[in-house]
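The values are calculated or read from the model by the stated rules, or taken from the named source; none is laboratory data. All values derive from a computational prediction rather than experimental measurement. Glycine also receives a Cβ, built like all others from the backbone with ideal geometry; neighbour counts cover every protein chain displayed. These accessible areas exclude ligands, DNA and RNA; they are computed on the full protein's heavy atoms, side chains included. Shrake-Rupley method; radii C 1.70, N 1.55, O 1.52, S 1.80 Å.
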Amino acid sequence: MNKVAQIKNRPPYHPSLDFYRPLRSALIALHIEGNDRKALDKILAKITDAKKIGSYDQVIEGYRKWWGYKKIEWFDPPKSSYEHAGVVVKVNPELGLIVNGQRYIIKLYLKDEQLHKIRIDPATVLMEIALRSIAQSSDLVAILDVRKAKLHTLGSNIARSKPMVDAELSYIAALWPNV
């Protein structure tokens, strides 16, 4: 209930309040431009905010570790939304990457707090539901826990998991007018 209240009462999105926006934008640009992983070094050099430097450094190192020696190419990731019980969730993955020949639609997780399976499964299910009709049949949806250098792909059965996602959205719809 507290999280729903926080979301409802937060100020409208503004890029200046988005701590990780410059980093996400730099990672996207790096791949669109077809750069290799050496270009990761240039990202931190452009950051002047002292608060961001330490955090960004950890994220860049995690990204470098995940990238390793993989052959990576860019494609534009599909974007969509999913609606249930009057709640609309935007599904906006940052990266469309062909990694060693396999296409991945990737949402970046950049925060320092640990990412648990209980959060990964609903997110990847939601991505699968919202994006499958506009993605290629072989595309895999995934969340990249950048700091841990760990790519989490869909690990749930959609038929069993979709009702849980819909139940969460129904819960949010019921709470929304009361918080």
### Message
Computing the accessible area with a 1.4 Å probe over protein heavy atoms, can you report the carbon and sulfur percentage for the chain?
### Response
54
### Query
Considering amide H positions built from the backbone, and no H for Pro or chain starts, which residues 5 or more places from D139, or on another chain, come under 5 Å of its amide H?
none
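With both partners inside the range 86-179, how many of the DSSP beta bridges are antiparallel, as a percent to the nearest 5?
In the range 86-179, DSSP labels about 60 percent of beta bridges as antiparallel.
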### Message
Net charge around S81, counting only other residues with Cβ within less than 15 Å of its Cβ (Lys, Arg = +1; Asp, Glu = -1)?
### Response
+1
### Summary
Rounded to whole Å², per residue accessible area for the range 55-174 with a 1.4 Å probe reads 53
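Count the net charge of all other residues whose Cβ sits under 10 Å from the Cβ of L131, scoring Lys and Arg as +1 and Asp and Glu as -1. Could you put the intermediate results ahead of the total?
On the way: positive: K79, R132; negative: E128, D139.
Charge balance in the 10 Å sphere: 0.
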#### Entry: Spacing of the two label points (7 Å from each Cα toward its C-beta) at F19 and I7, in nm
1.9
### Query
Relative to the first principal axis of the alpha-carbon coordinates of the chain, what is the inclination of helix 158-175, with its axis defined by its Cα atoms, in degrees from 0 to 90 and to the nearest 10?
70
## Note on the structure
Checked against a 31 Å limit on the C-alpha separation, the offending pairs among K46/K162; K38/K148; K3/K79; K3/K148 are K46/K162
### Query
Using alpha carbons only, how many degrees (0 to 90, rounded to 10) separate the axis of helix 21-32 from the longest principal axis of the chain?
60
### Extent along principal axes [Cα atoms of the range 1-107; Å; largest to smallest]
43, 37, 21
### Query
Helix 117-131: angle to the longest alpha-carbon principal axis of the chain, degrees 0 to 90, nearest 10?
90
### Task
Pop out the Kirkwood hydrodynamic radius of the range 82-179 from its pairwise C-alpha distances, inverse of mean 1/r, in Å to one decimal.
14.4
### Summary
Of every Cα-Cα pair in the chain, the percentage lying beyond 26 Å is 35
### Task
Scan around W74 for amide H atoms under 5 Å from its own, H built in the peptide plane at 1.01 Å from N, and keep only partners 5 or more places away or cross-chain.
I98
